[in-house]
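Trainee: Please see the structure below; I have some questions.
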Amino acid sequence: MDFVVDYASFLAKTVTLVIAIVVVLVAIASMRGKGRRKSSGQLQVTRLNDFYKGLRERLEQSLLDKERLKTLRKEQGKALKKEKKQAEPKARVYVLDFDGDIKASATESMRHEITALLTLATDRDEVVLRLESGGGMVHSYGLASSQLARIRQAGILSEAVK
């Protein structure tokens, strides 16, 4: 009988030790995870011109006969070559999204987007900010406003829409 009691005591001590080691390892892993930086996110660029051009071409394919479609494609090719020779860059419209909360926590992301945009945009371009917000803390939204002021200081036309 002493053997069973000793064995049960040994087993309880071993299980307690294993649980303590697991708790310590989980705590260490949790602390290391908190120290890591957040992922930097990504920037998505969508060329709407290509999308609409593809729609138009599919409609033309289904509506026009082969002969008319062929002549139309040749005309478009000539127009494209002529357009490339002009070499004057077209004005672009950049669209940024800002989904605000009370703390304006999307400000950091918007700051990075604006920095990337300012490296490329010219004074001919335009920036449209799609703003979704119910308002919030003044200092947080003041910081967001200062980011928009950077666009104006660069001489780029900007507009905020709801």
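Nothing in this text is a laboratory measurement; each read-out follows from the coordinates by a stated rule. All of these numbers come straight from a predicted model, not from anything done at the bench. Please note: Cβ atoms are built from the backbone with ideal geometry, for glycine as well, and neighbour counts cover all protein chains shown.
Trainee: What is the angle, in °, between the Cα long axis of helix 138-153 and the longest principal axis of the Cα atoms in the chain? Nearest 10 is fine, range 0 to 90.
Mentor: 30
Trainee: So if I place +1 on the C-beta of Lys and Arg and -1 on the C-beta of Asp and Glu, and nothing else carries charge, what would the dipole magnitude of the chain be about its Cα centre? I want it in debye, nearest 20.
Mentor: Here the chain has a charge dipole of around 1000 debye.
Trainee: Ok, one more. Taking neighbour Cβ counts within 10 Å as the exposure measure, how do Lys162, Lys103 sort from fewest upward? Don't jump to the answer; show the numbers that get you there.
Mentor: Details: Lys162 7, Lys103 12.
With the sparsest Cβ surroundings first, the list reads Lys162, Lys103.
Trainee: Which angle between 0 and 90 degrees, to the nearest 10, do you get for helix 48-63 versus the longest principal axis of the chain when only C-alpha atoms count?
Mentor: 60
Trainee: Under 18 Å between alpha carbons, and skipping anything fewer than 8 positions from Lys66 in its own chain: which lysines qualify?
Mentor: Qualifying lysines at Cα under 18 Å: Lys74.
Trainee: Would you please name the trypsin sites (Lys or Arg not before Pro) within segment 1-84 that are DSSP coil residues with at most 13 other C-beta atoms within 10 Å of their C-beta? Let's see the in-between values first.
Mentor: Numbers: sites: Lys13, Arg32, Lys34, Arg36, Arg37, Lys38, Arg47, Lys53, Arg56, Arg58, Lys66, Arg68, Lys70, Arg73, Lys74, Lys78, Lys81, Lys82, Lys84; in loops: Arg36, Arg37, Lys38, Arg47.
Passing sites in segment 1-84 are Arg36, Arg37, Lys38, Arg47.
Trainee: Compute the acute angle (0 to 90°) between the alpha-carbon long axis of helix 2-35 and the principal axis of greatest extent of the alpha-carbon atoms of the chain; round to the nearest 10°.
Mentor: 30
Trainee: Further, regarding this structure: At 222 nm, what helix-only mean residue ellipticity would the chain give, in deg cm²/dmol to the nearest 500, using -39500 (n - 2.57) for each DSSP H run of four or more?
Mentor: It comes out at -21000 deg cm²/dmol, rounded to the nearest 500.
Trainee: What translational diffusion coefficient, in µm²/s and rounded to a whole number, does the Stokes-Einstein relation yield for the chain at 10 °C and a viscosity of 1.306 mPa s, taking the hydrodynamic radius as the Kirkwood radius over Cα pairs? Before the final figure, lay out the partial values.
Mentor: Values: Rh = 22.2 Å.
Rounded to a whole number, D works out at 71 µm²/s.
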